[in-house]
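The values are calculated or read from the model by the stated rules, or taken from the named source; none is laboratory data. Just so you know, these numbers come straight off a predicted model, no measurement behind them. Heads up, the Cβs are rebuilt from the backbone with ideal geometry, glycines too, and the neighbour counts pull from every protein chain shown. Calculation scope for accessible area: heavy atoms of the full protein, side chains included, ligands and nucleic acids excluded. Shrake-Rupley method; radii C 1.70, N 1.55, O 1.52, S 1.80 Å.
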Amino acid sequence: MPPTTLLIPGPTPLPPAVLRAMNRQMVNHRGPAFGEMVRELLDGLKTIFDTTNDIIPLNATGTGGLEAAIVNFLSAGDRVLSVNNGSFAERWAAIAEQYGVRVDRVTAEWGQPTPLAGVGERLRADTGHEYRAVLVTQSETSTGVLNDVRGVRQALGGHPALLMVDGVSSIGAIPIETDGWGVDVAVTASQKALMSPPGLAFVSVSERAWQAAERSSLPKYYFDLRKARAQIHGTLPGTPFTTAVSIVFGAHAAVGLILREGLPKVFERHRRLGRMARAAARGMGLRTLPNDAYAVDTVTPILMPDGANAQAVSARAREAYDVVIGSGVTRYLKFELIRIGHLGYTKPEWLLAGLEALGRSLGDLGHPVDTEAGLVAARQQLRLRPPRARGAASNAPNQTGRANNDAHASAAGARPASAAGD
Ligand code: PLP
């Protein structure tokens, strides 16, 4: 295959150290050395999730992790509240409905953030505490919206529903405080910010969620997280069934890279990539779907100018410039926007190449934009010094709903650290 610049919101390119780690002979997945590797991987993930809760690895992609969350902590007939403002939130709600869970949706237009007031209203009205869980997608990859998980926790107040978070395109790239925000169940997958191939899902489970698991009557066998819990607490941590050994090799290396770089730097690197993509779009005279105030720093959906077909633009970028950018998901957005993924192992220069390919492709197809102005604006973000000392939580929107991650930095100085693994 020709060398391409891969800028989709997962799978992401793999750091060379991850590729090398996977280029290994098979081992006994029940042997001591592999058990130690699983233990280190899960401990590293606890740092990334910011939790002391159990983290359960599953042979699955993110969707499998989301399904596991439904079947382990809920029962048919239970009611849940789902914050729905994009296609991944809708998918999780649909999974729950497949299992006979009754889903009430609090919706916002696609591209708009969590309607916190609506969430609070529904929860306050539920005086009988019928809702067993609230489902939120932290980074809604279909629209590039950052949903305010901490705000949803605040809206829950004393309501006993579990807080369950889809962190598939966020965990490891932007902050989550699983324990600090009281997240009972958080799900991610290996192929996004965790810079590994697709194939593993990771689910963190609070003590309250384990108690709910005892009451859950939905059918499960392979995805029964209690079996997995028993295994990881055994003398030799492991998995109940044969695990995806090579992906564990890769994820172990990748998590090591993330921790060596340090989470604050990883988060800052993603913030910078997000700012670059948004600045470039604006410089070219294009619009991003969500407002900067709640734009997530892992994927940037850019609306195409009138008359331009997003599918044709991404095909042109691929064929003429060897750049692979994501298209819109679902029929509604498919032709209207492209999505540039910039999470995990994505270097600023790759993003610049992708943005240039986007501008040129539009021009090639008869929709000229000011590509150079876009690139200048993106490079300007590279030269900006990171805004001063930010805590791990600073990427989440604050109480006013305005994300801190886009506060404008003052000009001068330092180039950013390059992506992990160099
Ligand atoms: N949830 C979110 C927010 C996602 O971005 C994705 C994939 O892009 C999924 C769920 C589904 O994950 P997977 O494709 O790994 O099953």
Of all residues in the range 142-162 being within 16 Å of the ligand (Cβ to nearest atom) and open to solvent by less than 10 Å² (accessible area, probe 1.4 Å), the one that is farthest from residue 105 (Cα to Cα): 144
Residue selected from the range 307-334 under the condition modelled with pLDDT under 95 and among the charged types (D, E, K, R), by the criterion least open to solvent (accessible area, probe 1.4 Å): 334
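Tell me the residue from 47, 52, 61 that is within 16 Å of the ligand (Cβ to nearest atom), among the β-branched types (Val, Ile, Thr), open to solvent by 20 Å² or more (accessible area, probe 1.4 Å) and at pLDDT 95 or above, please.
Values: 47 fails: within 16 Å of the ligand (Cβ to nearest atom); 52 fails: within 16 Å of the ligand (Cβ to nearest atom).
Matching residue, one of 47, 52, 61: 61.
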Filtered residues of the range 335-367 (kept if more than 22 Å from the chain's Cα centre (by Cα), open to solvent by less than 30 Å² (accessible area, probe 1.4 Å) and either under 20 Å from residue 13 (Cα atoms) or modelled with pLDDT under 95 (or both)): 357, 358
The range 94-141, residues that are among the hydrophobic types (A, V, I, L, M, F, W, C), crowded, with 24+ Cβ neighbours inside 10 Å and within 12 Å of the ligand (Cβ to nearest atom): 135, 136
Checking residue 252 against (1) under 22 Å from residue 20 (Cα atoms); (2) touching a Pro at 6+ places or on another chain (Cβ under 9 Å), the condition it does not meet: (2)
Only one of 166, 224 that is within 16 Å of the ligand (Cβ to nearest atom) and either of a type in the set (Asp, Glu) or without any contact (Cβ under 8 Å) to a residue 12 or more places away in the chain (or both): 166
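Those residues that are more than 10 Å from the ligand (Cβ to nearest atom) and not small (Gly, Ala, Ser), I need them from the range 179-199; list them, please. Let's see the steps before the verdict.
Taking the range 179-199 as the starting set, the residues that turn out to be more than 10 Å from the ligand (Cβ to nearest atom) are 179-186, 193-197.
Residues satisfying the conditions are 179, 181, 183, 184, 185, 194, 195, 197.
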Tally of residues being in contact with a strand residue (DSSP E or B) (Cβ under 7 Å, 6 or more places away or on another chain) and of a type in the set (D, E, K, R) across the range 208-259: 2
